[in-house]
Amino acid sequence: SSYGKKFSEFSQSLTLQRLVGLANIHLSRLNRRYMIRKAEALENTKKIEEQALELEIIDREQADAIRPVESLSGGESFLVSLALALGLSDLASKNVRIDSLFIDEGFGTLDPNTLDMAIDALEALQNTGKTIG
């Protein structure tokens, strides 16, 4: 298009695909049950352009059922958000320094085992030189 919308959506889609890959590495360490993927375009439900930047969750314990992100519980949503934040940190640190602050009060929704996994993931990230707060 004359305003660059198609190119912008295309480049954002490629970046999102890379982010999802990095986030899934972290998510597999936090909880192997879930996997994030870009939503597949369905012509009957929405414009293809609108779906290009949406995410879905694959639930491995439910025969790889595809779940909308909105169906996640508080603890599940926290884990996926944490994995995406860690993936974004990996993506940003490759070529560009981005100072970001992610605030989430979701730690209180986690069971003790999941909380330990989340803390371990943050400590491992801190050991790579990242500032965690």
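Values quoted throughout were computed directly from the atomic coordinates according to the rules given, and no laboratory measurement underlies them. Since the structure is predicted, the reported quantities are computational estimates derived from the model, not experimental observations. Every residue, glycine among them, receives a Cβ derived from its backbone with ideal geometry; neighbour counts consider all protein chains shown.
Per-residue packing, averaged as other Cβ atoms within 10 Å, sorts the ranges 72-85, 16-29, 120-133 into the order 72-85, 16-29, 120-133, beginning with the highest. Each residue of segment 73-83 is assigned a 3J(HN,Hα), and the resulting list reads 6, x, x, 5, 4, 4, 4, 5, 4, 5, 4 Hz, derived from the Karplus form 6.51 cos²θ - 1.76 cosθ + 1.60 (θ = phi - 60°), x at Gly and Pro.
Distant-in-sequence amide contacts of residue 39, defined by a placed amide H-H separation under 5 Å and a gap of 5 or more residues or a different chain, comprise 54, 55, 56.
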